[in-house]
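The structure under discussion appears below in the form of structure tokens.
The values are calculated or read from the model by the stated rules, or taken from the named source; none is laboratory data. Just so we're clear, the structure is a prediction, and the values are computed from it rather than from any experiment. Counting neighbours? That spans all protein chains shown, and the Cβs are built from the backbone with ideal geometry, glycine included.
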Amino acid sequence: MQVLVHCDEQIVCSEELLRRVEGVVAGTLERFGTRIARVEARLRDLNSTRPGERDKQCSLEAKLAGAASVLVSHDAVTLTEAIHEAAGKLKRLVARELRQLDDTLDSPQANPSARPL
């Protein structure tokens with residue numbers, strides 16, 4: 001799985017931050033193996049002039065193999081919290097989407113040769 005990280009101009013996109021985001025995303029989604037082609041992370045500071053508000057945002061978009069992309073985001077006081085919470089949301093959404101995709105592919109309508117005689 002490829003993980004791409006983009007930061008807005010208010011976020012210092014250091015090598016350490018890039019590795020941390022990549023590690024959290026890859027670690028959280030590792031059970032899905034090759035079913036996720038790519039994840040794009042966008043880190044934003046929504047209101048850089050006022051600290052202490054829930055103004056750090058992490059948006060994660062996953063491109064699923066054989067399906068459309070899914071997108072989640074989380075706003076938090078810190079980037080660390082935003083990254084971890086967004087990754088958790090993405091894990092739950094990907095699991096649900098892949099379950100629905102598998103159910104659809106296993107249905108008799110999708111696979112007529114699998115119907116019992």
Could you list, in sequence order, the residues of the range 28-59 that are basic (Lys, Arg) and crowded, with 16+ Cβ neighbours inside 10 Å? Arg35, Arg42, Arg44, Lys56
Could you grab me the full set of residues in the range 32-47 that are outside any strand (DSSP E or B) and of a type outside the set (Lys, Arg)? Phe32, Gly33, Thr34, Leu46, Asn47
Assuming Val77 fulfils every condition listed in (1) modelled with pLDDT under 95; (2) of a type in the set (A, V, I, L, M); (3) farther than 19 Å from Gln10 by Cα apart from one, which condition is it? (3)
Got at least one residue in the range 46-58 being more than 17 Å from Arg20 (Cα to Cα), in contact with a Lys or Arg (Cβ under 6 Å, 6 or more places away or on another chain) and in contact (Cβ under 8 Å) with a residue 24 or more places away in the chain? no
Within the bounds of the range 16-27, is there any residue that is more than 17 Å from Lys89 (Cβ to Cβ), out of contact with any strand residue (DSSP E or B) (no Cβ under 8 Å at 6 or more places or on another chain), surrounded by fewer than 18 Cβ atoms within 10 Å (Cβ to Cβ) and modelled with pLDDT under 95? no
